[in-house]
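Beneath this line is the structure, given in structure tokens, with notes to follow.
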Amino acid sequence: MKKVIGFIGCGNIAQAIIGSVIKSEVFSVDNIIASAPSLSSREEVEKKYGIQTTEDNKEVASKSDYLVLAIKSFVYDAVLKEIKDYIREDAIIISIGAGITSNYLMENLNEGTKFIRAMPNTPILVGEGMTAFSTNKTISKEDLDRILGIFNSTGKTEVIDESLMNGFTSLSGSSPAYIFMLIEAMADAGVIEGIPRAKAYTMAAQAVLGSAKMVLETGLHPGELKDNVCSPAGTTIEAVASLEKNGFRAAIMEAIKVCADKSREMEK
Ligand SMILES: NC(=O)c1ccc[n+]([C@@H]2O[C@H](COP(=O)([O-])OP(=O)(O)OC[C@H]3O[C@@H](n4cnc5c(N)ncnc54)[C@H](OP(=O)(O)O)[C@@H]3O)[C@@H](O)[C@H]2O)c1
């Protein structure tokens, strides 16, 4: 029998994972089930992905071999109370809620339930996600390998100590938002220069994509790659100086810090 992956909650991040595992054929549409309270959310997901949905969280829990908790952190208490007696004996819970700690999960799931804490990001949808896992004594090496096998099809994965999860949430889980803002701002500037808007988005996004690939594939320090673009007395160094003057790097570092602080604050 094929394994079933279930999602409690089918919002932004659940849909990114659902889209990716279907695309990479790790699960077929018949082996994916998701729940959400509102009919409009369920209809949207059924239409987009062709998977089965239900309003009954217990049904999802009782059918899933892998159960992704894709709900907001404040909904966890009620949902875990509702589903914990319906989780299959050998199922693995994949908890992606920001600030939901292993201690919390241990206390709010039945004894013996396997769970792992994960932090994905939405680029999973296009196979370029970054997901970190922090493991615990309920998860065997084989369980971890199976989970990594699923998520490796959605991008890159790392196993990290749980103490790094707040930092990772901020650096990776939330960071697509910062990059989208960068792309939007670059494109706006392109429009000021007369470049048509649609083309400006493509140009800005491709510059971000290519630069990220260079960091990953050349192994060169980002500072060296930046230096290579800056000809003496050229155009680029003018832009770099302006970014420094306006606190570009400090703004990004501060944003990632406050995001990690918020994640620490939300911890339960
Ligand atoms: N978005 C990201 O990039 C990202 C990345 C990493 C981790 N996360 C984490 O993932 C979780 C979900 O985030 P999201 O951005 O996907 O949120 P979202 O788009 O708001 O989706 C939340 C989903 O939960 C459903 N829901 C609400 N109450 C429920 C209940 N009692 N039982 C079952 N489903 C319920 C909602 O259904 P309705 O539509 O019917 O209300 C919706 O489908 C959060 O804990 C977040 O920290 C998100």
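Here, each number is a calculation from the coordinates, and none is a lab measurement. This structure is a prediction, so every number in the text was calculated from the model and none was measured. Backbone-built Cβ (ideal geometry, glycine too); neighbour counts: all protein chains shown.
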Quick one: order 10, 230, 259 by neighbouring beta-carbon count within 10 Å, fewest to most.
230, 259, 10
Under Karplus coefficients 6.51, -1.76 and 1.60, residue-wise ³J(HN,Hα) of the stretch 12-29 in Hz, glycine/proline x:
4, 6, 4, 5, 4, 5, 4, x, 6, 5, 6, 4, 7, 6, 6, 10, 8, 4
Based on the alpha carbon coordinates of the stretch 45-184, what radius of gyration and maximum Cα-Cα distance (Dmax) apply, in Å?
15.3, 47
Convex hull of Cα atoms in the stretch 131-212, direction-averaged projection (nm²):
6.7
Label zone at residue 266, where the point sits 7 Å out along the Cα-to-Cβ direction: the stretch 27-70 residues whose backbone N lies under 15 Å
69-70
Residue 7 long-range amide H proximity, modeled H, under 5 Å
33, 34, 35, 68
Compute the Kirkwood hydrodynamic radius of the stretch 93-151, taking the inverse of the mean of 1/r over all pairs of distinct Cα atoms, and give it in Å to one decimal.
12.2
Distant-in-sequence amide H partners of residue 92 (H built 1.01 Å from N, under 5 Å)
66, 67
Loop-resident GluC sites (Glu not before Pro) in the stretch 78-141 with no more than 12 other Cβ atoms inside 10 Å, DSSP not H/G/I/E/B, are 89, 111
Quick check: Cα centre of the stretch 95-126 to Cα centre of the stretch 193-242, how many Å?
36
Can you tell me what share of the DSSP beta bridges in the stretch 73-218 is antiparallel? A percent to the nearest 5 is fine.
25
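At 25 °C and 0.890 mPa s, what whole-number value in µm²/s does Stokes-Einstein give for the translational diffusion of the chain, with Rh from the Kirkwood sum over Cα pairs?
121
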Among the DSSP beta bridges whose two residues both lie in the chain, what percent are antiparallel, rounded to the nearest 5?
10
Using the Karplus curve 6.51 cos²θ - 1.76 cosθ + 1.60 with θ = phi - 60°, work out ³J(HN,Hα) for each residue of the stretch 84-99 in order, rounded to whole Hz, and write x for Gly and Pro.
4, 7, 9, 6, 5, 4, 9, 5, 10, 8, 10, 9, 10, x, 4, x
Return the percentage of antiparallel bridges among DSSP beta bridges fully within the stretch 35-159, rounded to the nearest 5 %.
20
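Order these by the 10 Å Cβ neighbour count, fewest first: 85, 227.
Lowest count first: 85, 227.
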Normalized C-alpha radius of gyration of the stretch 114-268, against 2.2 N^0.38 Å?
1.25
Yeah, the stretch 124-168 with a ≥ b ≥ c from its alpha-carbon gyration tensor (a/c under 1.5 is rounded, else prolate when a/b outruns b/c, oblate otherwise) is oblate
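How much of the calculated P(r) for the stretch 7-108 lies past 21 Å, in percent of all Cα pairs? Display every interim value, and only then the final one.
On the way: 1433 of 5151 pairs.
Roughly 28 percent, once rounded to a whole number.
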Non-local residues with an amide H under 5 Å from the amide H of residue 129, with H modelled 1.01 Å from N and Pro and chain starts lacking one, are 124, 155, 156
